[in-house]
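Have a look at the structure below before the remarks.
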Amino acid sequence: MSAHQAQANPASAASPARLLECRGLSVRFGGLMALNELDIDVGRGEVLGLIGPNGSGKTTFFNVVSGVYAASAGSIRLDGVDITRAQAQNLSAHGLARTFQRSRLCLPLSVFDNIALGAQGRLDSGLWHNLFRRKAFATEARTMAAEARELLHVFSPTLADKLFEPAISLGMIDRRRVEICRALVGRPKLVLLDEPSAGMTHDETDQLMDEILGVRRSLGDLTIIIVEHEMGLIERVTDRCVVLNYGKKICEGRFRDVAADPVVREAYLGQS
Ligand SMILES: Nc1ncnc2c1ncn2[C@@H]1O[C@H](COP(=O)(O)OP(=O)(O)OP(=O)(O)O)[C@@H](O)[C@H]1O
Ligand SMILES: [Mg+2]
């Protein structure tokens, strides 16, 4: 493996503890090893770029970390807790949130309702609350509405005014903002962004990433793993990159080093 020394950002240098530790992580689909004995660490407060050619295992990595797929082998620890066998619906309670490569907004629902779906780990809307603690539940829901409005305001003040409008009435960049707010409103420690630029123009992508970094600053030490094919964006926003090919890590380090690595260039040969 051709690997470079990772360049830590100031946040991770100040807080060297690893937030995510994956060891020997494998996912097998029949005869295909979509992930093959992957070791990946992410420092607290780090922005890690996960890149690689189509089909190299990037989304599979997100799916196994977020409990959508079961690991065939290996382990995943988030903030010291073993989440290897955790179910997707319980991961927000561990501090994990994600967006999806294809939009998962429920278009007839309002912006607020879509965002509320992301706060399930915090809002205890079980039977107990519904029967006996309706007042407490209403208070939590109001707090969350205020938080959602505040987050949307950081993204885009005009979007915050559309909190109760149906998502279907929004343009592409606003829909993407809502998806990211939905991931962030549960106050995750780690957020996984799968191709946030998909379907957007170059200018919209630039604008959205500025907004994500602005929100990240306002949320303290939020850690991000971003999967992207738009290399300009990866270069601009990441502290470090991991490159996958055929489910294996082939390189890691600063973007400019991995981009110059012959093994990475070979993997991307034939791709733009
Ligand atoms: N549910 C599944 N069943 C069978 N094979 C799958 C499944 N999910 C992914 N794969 C296969 O695993 C490999 C990795 O796919 P994955 O979606 O993780 O790639 P990717 O790096 O995200 O690609 P892209 O850049 O095109 O989004 C591919 O060969 C894909 O066909
Ligand atoms: Mg993918």
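The values are calculated or read from the model by the stated rules, or taken from the named source; none is laboratory data. All values derive from a computational prediction rather than experimental measurement. In this analysis, Cβ positions are derived from the backbone assuming ideal geometry, glycine residues included, and neighbour counts consider all displayed protein chains. Protein only, heavy atoms only, side chains kept; ligands, DNA and RNA dropped before computing areas. Shrake-Rupley method; radii C 1.70, N 1.55, O 1.52, S 1.80 Å.
Just one of 42, 65, 47 is in contact (Cβ under 8 Å) with a residue 24 or more places away in the chain, within 16 Å of ligand 2 (Cβ to nearest atom) and open to solvent by less than 10 Å² (accessible area, probe 1.4 Å); which is it? It would help to see each step written out before you state the result.
On the way: 42 fails: within 16 Å of ligand 2 (Cβ to nearest atom); 47 fails: within 16 Å of ligand 2 (Cβ to nearest atom).
After ruling out the rest, the residue left standing is 65.
Condition check ((1) surrounded by fewer than 17 Cβ atoms within 10 Å (Cβ to Cβ); (2) away from ligand 2 (no atom under 16 Å from the Cβ)) across all residues:
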{"residue": "203", "(1), (2)": "yes, yes"}
{"residue": "217", "(1), (2)": "yes, yes"}
{"residue": "228", "(1), (2)": "no, no"}
{"residue": "231", "(1), (2)": "yes, no"}
{"residue": "243", "(1), (2)": "no, no"}
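Of all the residues that make up the stretch 38-63, how many are of a type outside the set (A, V, I, L, M, F, W, C) and more than 15 Å from ligand 1 (Cβ to nearest atom)?
Total satisfying the criteria: 6.
In the stretch 189-229, what count of residues is obtained for those that are modelled with pLDDT of 90 or more, touching a helix residue (DSSP H, G or I) at 6+ places or on another chain (Cβ under 6 Å) and within 16 Å of ligand 1 (Cβ to nearest atom)?
So the answer is 4.
Could you pull out the residue among 115, 168 that is touching a Pro at 6+ places or on another chain (Cβ under 9 Å), at pLDDT 80 or above and of a type in the set (A, V, I, L, M)? Talk me through it step by step, then tell me what you get.
Working: 115 fails: touching a Pro at 6+ places or on another chain (Cβ under 9 Å).
Checking each option against the conditions leaves just 168.
Condition first: assigned to a loop (DSSP other than H, G, I, E, B), within 15 Å of ligand 1 (Cβ to nearest atom) and not basic (Lys, Arg). Can you find one or more residues in the stretch 102-111 that meet it?
Scanning the stretch 102-111 turns up at least one residue that is assigned to a loop (DSSP other than H, G, I, E, B), within 15 Å of ligand 1 (Cβ to nearest atom) and not basic (Lys, Arg).
Tally time: how many residues in the stretch 164-197 are surrounded by fewer than 17 Cβ atoms within 10 Å (Cβ to Cβ) and farther than 22 Å from residue 222 by Cα? Spell out how you get there, then give the answer.
We begin by selecting, within the stretch 164-197, every residue surrounded by fewer than 17 Cβ atoms within 10 Å (Cβ to Cβ); these are 164-166, 168-169, 171-172, 187.
Adding the requirement that they be farther than 22 Å from residue 222 by Cα leaves 164-166, 168-169, 171-172.
Adding up the residues that qualify gives 7.
For the stretch 139-157, which positions are more than 24 Å from the chain's Cα centre (by Cα) and open to solvent by 70 Å² or more (accessible area, probe 1.4 Å)?
Of everything in the stretch 139-157, just one residue is more than 24 Å from the chain's Cα centre (by Cα) and open to solvent by 70 Å² or more (accessible area, probe 1.4 Å), namely 142.
Considering only strands (runs of 3 or more DSSP E) fully contained in the stretch 205-266, which possess at least 2 residues that are over 15 Å from the mean Cα position of the chain (by Cα), among the acidic types (Asp, Glu) and within 22 Å of residue 98 (Cα to Cα)?
No strands (runs of 3 or more DSSP E) qualify here.
Within the group 247, 253, which residue is assigned by TED's automatic domain parsing to the domain that holds residue 58, touching a residue at least 60 places away in the same chain (Cβ under 8 Å) and more than 26 Å from residue 94 (Cβ to Cβ)?
Details: 247 fails: more than 26 Å from residue 94 (Cβ to Cβ).
None of the other options fit; the residue is 253.
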